[in-house]
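Beneath this line is the structure, given in C-alpha cells, with notes to follow.
The values are calculated or read from the model by the stated rules, or taken from the named source; none is laboratory data. Keep in mind that what you see is a predicted model, and the values were worked out from it rather than measured. As a convention, Cβ positions derive from the backbone with ideal geometry for all residues, glycine included, and neighbour counts pool all protein chains shown. To get the accessible areas, we keep the full protein, side chains included, count just its heavy atoms, and leave off ligands, DNA and RNA. Shrake-Rupley method; radii C 1.70, N 1.55, O 1.52, S 1.80 Å.
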Amino acid sequence: MNILRIMAIPVAIVLMITTVVPVTSGGSETEDMLLLDNGDGSYAWYRIMPGSTLTDTVVNTLVSNGIHVSVDGDRILSVDGRSEVTMGSTVCSWRFYIWDYYCWSYGGIEGGMSYVSGDLCLGFRPSPSSLPAPTPVFRDVWVSIRGDSSCTGISGSHMPDSVATPLEWYIQSEAGAVCGSILAADGLIYYVTSGDYYGTGVNRDPHLYCVDAVNKEVVWYLSYSVDRSHGSTQYELNSPLIVDDMIIVTSANRHIYCIDRMDGSVLHEMVPRGDTAHFTGVFNTQEYEYLPIMDEEWSIEGITSTNGPSSAIYDSGAIYFTTHDGRIRCYSVDRTNGFEEIWTYTPSREDRGCFYCSTPSVCYVDGLRTIVCGGYSGNMYCVNASTGEEISVTHVADIPGHASGVVSKVICAGDGRVIVSCDDGSMTPRNGSLSCYDLRDTSEPLWRTDVYGGSSIVVGGTVYGYLRPALTSHDGTGKAQVYDKNGEYFDAESGYYALSVTDGHVIWSVPNGASCKSSMVYCDGRLYCVDYSPLSVWPNGGAARCLDPDTGDLIWRMRLEPGSVTAYNMCSPTIVDGRIYVGNDDGTVYCISDVPGSPVSVTSDIDYRSQGLAHWSWVTLFLAMGATLLAAVILYRRG
C-alpha cells in the first residue's frame, strides 16, 4: 500500500482530535474546577483537589478552601450549614453534576463513583433535571434582580482597572425603558423593556429580549400586552428571573410567564383568577388569587398601586415574590408541571399594606431561612421561608409629615441584621432614613441615620450607597445630620457614602450632584454605579462610575453614549465575564469593558440555541471535521 494511504487514516484521526479539543474542552485545558452552586444565585469556583471518588474530591476541595462539609457515607448532607429542605412536593438537596464537554450531566446524590479528571459541580438543586446556570464555558452568571436571593449586589466576576472608549457596544429598542436588572447566563443577556407608553402598535407593549453578548445580536424577543384602560400605569419596572433553562417574568399586568430562555417559547402562564391567558399552547394555564385592595378588609392609609407583583427571587427550589394586595407568595416552578403554590402569607388586617416593587430577600437568622421585605404600610415583614409562618411585623417607617412612609428595601447585613431603607413614598422623596435592625428583636433599631436612598449594599462590615439628607431629621427637631466614628455630628450632603454596619457612623462620604437611584454593585474590589440623571447634564449625569471602596475616590467615569434628555437610569449595573451591562429609559443597553467598540446592528432573523448543535461553534466544528475527512480521502486516493 502506498505510504500516502498508510498515513491518511492516522492523519485524519489526529486532525479530528485536534479539531474537537478546543471546542469541547469547556475552558478546562489548564486545570479542573469545582463549581459550588448554592441554589440561590450565589456560587463559587475552586481548583479541584482530586480524591478517589466524587465525594472525596468535593470534600477535599471545599475543606481546603475553609468550607465546612457534613458527610454521611458518600452523600453530602450540608455545606456551611445549608442542608436538605422540603419545599412543597420537592426536596432540595446537594447533588453531583459532571461536565460532559457540552453541558452539566446529573451524577446522582451519592458520590461513590470514581473520579479521574474533569470539571465537577456540587449543586443545591430540587431535582436531577434542575441544572446549574454557571458552566466551565461561561463561569459568570447574574440570575435575579440583585444577583442572588439575598439581593447582595456582589459579583464574583473580574474587572480591569480601566475601561476603553468608545464603550464596547450598545443596542437600542423602541419598546420603552429598561428599568430592571439585566440578567446573564450562557453568554446571553436578558432584559425587559417597559413598553412605550406613548407609542403605537407592538412598541406600546412590554418586551423580553434575549441578546447574544458574544455575537452582539438579538437572539429572540417576546412581547406581551398590558391594559392601561383602568387608570393603572401598568409600567414594567421588574427584573426577570433565571431558573435553570427557564426565565420567569412577573409582569405589571399581574400575569407571570415561564419561558424557555433558549428559544423564547412560552412554557407556562399564571394568571389572576378569572383572567384569560395571553398565550396558548400545550400547557394548562394556572391561576392564583388576588385580594381586592379597596374594601372593608383594607385598613391602612398608605399609598396603593395595582401594578402587579414584584420581581421574584429564587432560593432552594422555590420562587418568592410580593403582590400589590399585600401578600408574600412562594411557588415552585417546573418545566413540565408549571407553577405550584407552596404557601401564601397574608398579614393581619391592621398590618396589611400594598407591596409595590418590594422585592423580598432571604436572610439567615440563627440558621433559620427568613423572608424579609417592606412595603407601603411602613412595615417590615419577616416570614419563615419554608412555611410562610409569620415571625414578626415591625413598623419602621416613621417619616415626619407623613402618616405612613415606605420601606423601600430591606437587605441582609449578616449575623441576623438587616439594613432598612425608608422614605416618604413620593416619586421624588424628600424625607427618609437608613436604619439597622436585629431580626431577633425588632422593637428598636440598632441605629438610625437621617440619610436615605436607593437600595444600599453591604460588603463585610460596611454599607455603601448613594444617599441624600432628609428634609427633616427623623425626630422632627431639625436638619439632617450624620456622625463620624467619634460621635461628632455634621451636616449631611447628597453623595456616595460608606457607613459602619455596627453603629452607622460615616466611614467616608463624597458629595456628588450626580443623582443615583439604582443600587451599587461590588466586584473585584471596586464599587460600580450609574447616574440617574441623563447625559444632558454631564458630568453630573449620563455616566457609569467606578469608585474605590476604601476612600470613595473616582477611579473612572464612562459616558453612556448615545444618550438623550430622557435617558434617565434606574437600572443597576450587571457585571459578568469582565463586562458591565446597564440600561436606561431610552431602551438602550450598554456594554462596557476594556475592549473599544462601535455600534452594532440588530436582527431577530437568526436561529440560536446555546445548548444545541445549531450553535455556530458546533457548525464550525462539523465543517472543520468534514474538511479534515475530505483531505484524508484525497490523500488516500492519491496514494
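Judged by the mean number of other Cβ atoms found within 10 Å, the most tightly packed of the peptides 413-426, 505-518 leads the ranking 413-426, 505-518.
In this structure K479 has an accessible area near 140 Å², from a 1.4 Å probe over the protein heavy atoms. Per the Cauchy relation, a quarter of the hull surface: what is the mean projected area of the convex hull of the alpha carbons in the stretch 340-447, in nm²? Mean shadow area of the hull around the Cα atoms is 7.1 nm². Principal semi-axes of the equivalent ellipsoid, √(5λ) from the alpha carbon gyration tensor of the stretch 504-572, are 22, 12, 11 Å from largest down.
Computed over the stretch 29-83, the P(r) curve from all C-alpha pair distances, binned at 5 Å from the origin, holds 4, 18, 30, 28, 14, 4, 1 percent per bin.
Convex hull volume of the Cα atoms in the stretch 440-528, per residue, in Å³?
117 Å³
In the frame of its principal axes, the stretch 139-279 has Cα extents of 52, 31, 27 Å, reported largest first.
What the pair-distance distribution of the stretch 388-540 shows, using all Cα-Cα distances binned every 5 Å from zero, is 2, 9, 19, 23, 21, 15, 7, 3, 1, 0 percent.
The residues packed around G118, meaning those with a beta-carbon under 9 Å from its beta-carbon, carry a net charge of -3 if Lys and Arg are +1 and Asp and Glu are -1.
Evaluated over the Cα positions of the stretch 463-592, the convex hull gives a direction-averaged projected area, one quarter of its surface, of 8.6 nm². Taking Cβ atoms as reference points and 12 Å as the exclusive limit, the residues near E84 contribute a net charge of +3, counting Lys and Arg as +1 and Asp and Glu as -1.
Subtracting the Cα-Cα distance of S564 and R47 from their residue separation scaled by 0.36 nm leaves 181.5 nm. Set against the 2.2 N^0.38 Å expectation for a compact globular protein, the stretch 52-211 has a Cα radius of gyration ratio of 1.34. Over all Cα atoms in the stretch 95-144, the spread is summed up by Rg and Dmax: 11.0, 35 Å. At q = 0.11, 0.22, 0.26 Å⁻¹, what is the base-10 log of I(q)/I(0) for the stretch 536-599 according to the Debye formula with one equal point scatterer per Cα and no solvent? Please give it to two decimals. Per q value, in the given order, log10 I(q)/I(0) is -0.26, -1.03, -1.31.
In the stretch 243-283, one over the average inverse separation of all distinct C-alpha pairs is 10.6 Å, which is the Kirkwood hydrodynamic radius.
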